[in-house]
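These notes concern the structure reproduced below.
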Amino acid sequence: QVQLVESGGGLVQPGGSLRLSCAASGFTFTMYTIRWYRQAPGKERELVAGITSAGGMTNYADSVKGRFTISRDNAKNTAYLQMNTLKLEDTAVYYCNAGGPQKYWGQGTQVTVSS
């Protein structure tokens with residue numbers, strides 16, 4: 001059974017940090033590019049960051065460059081999104097996506113940035 005399970009979301013003040021995790025099972029994690037997307041209320045889902053299967057290349061949305069870092073630990077079948085200097089506009093549900101032979105999505109984790 002394929003699963004992508006996000007965790008680590010929560011409520012944080014502006015300027016704070018969170019680290020999201022995406023735990024994968026049921027497929028060959030090392031064959032898949034991992035991307036984090038987010039969707040704020042009333043907005044379309046947008047790509048936040050991506051990392052290639054071996055972790056050699058990453059890319060980021062302009063809005064998060066310099067603040068967010070995507071990484072992965074293939075030995076643990078887990079990807080991460082370190083989010084620093086969070087802003088109000090980072091509030092969204094964050095989704096993990098695995099892209100490769102198939103496409104898989106997690107259920108999402110809520111991140112709320114509020115004072």
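The values are calculated or read from the model by the stated rules, or taken from the named source; none is laboratory data. As the structure is a prediction and not an experimental result, all values here were calculated from the model. We work out accessible area using only protein heavy atoms, side chains counted, and drop any ligands, DNA or RNA first. Shrake-Rupley method; radii C 1.70, N 1.55, O 1.52, S 1.80 Å.
Here region 24-115 has an Rg and Dmax of 13.1, 42 Å, counting Cα atoms alone.
Using alpha-carbon pairs under 8 Å, 6+ residues apart, how would you state the relative contact order of the chain in percent? Don't skip to the end; give the middle numbers.
Details: 286 pairs, mean separation 42.1, N = 115.
Worked out over the chain, it gives 37 percent.
Kindly report the accessible area of the chain per residue (heavy atoms of protein chains, probe 1.4 Å, no ligands, DNA or RNA), in Å². Provide the component values of the computation, followed by the final result.
Details: 5940 Å² over 115 residues.
Dividing the accessible area of the chain by its residue count gives 52 Å².
For K103, the lysines whose Cα comes closer than 24 Å to its Cα, not counting residues fewer than 8 places off in the same chain, are K43, K76. Note on region 8-115: antiparallel DSSP beta bridges, both residues inside, total approximately 90 percent of the bridges counted.
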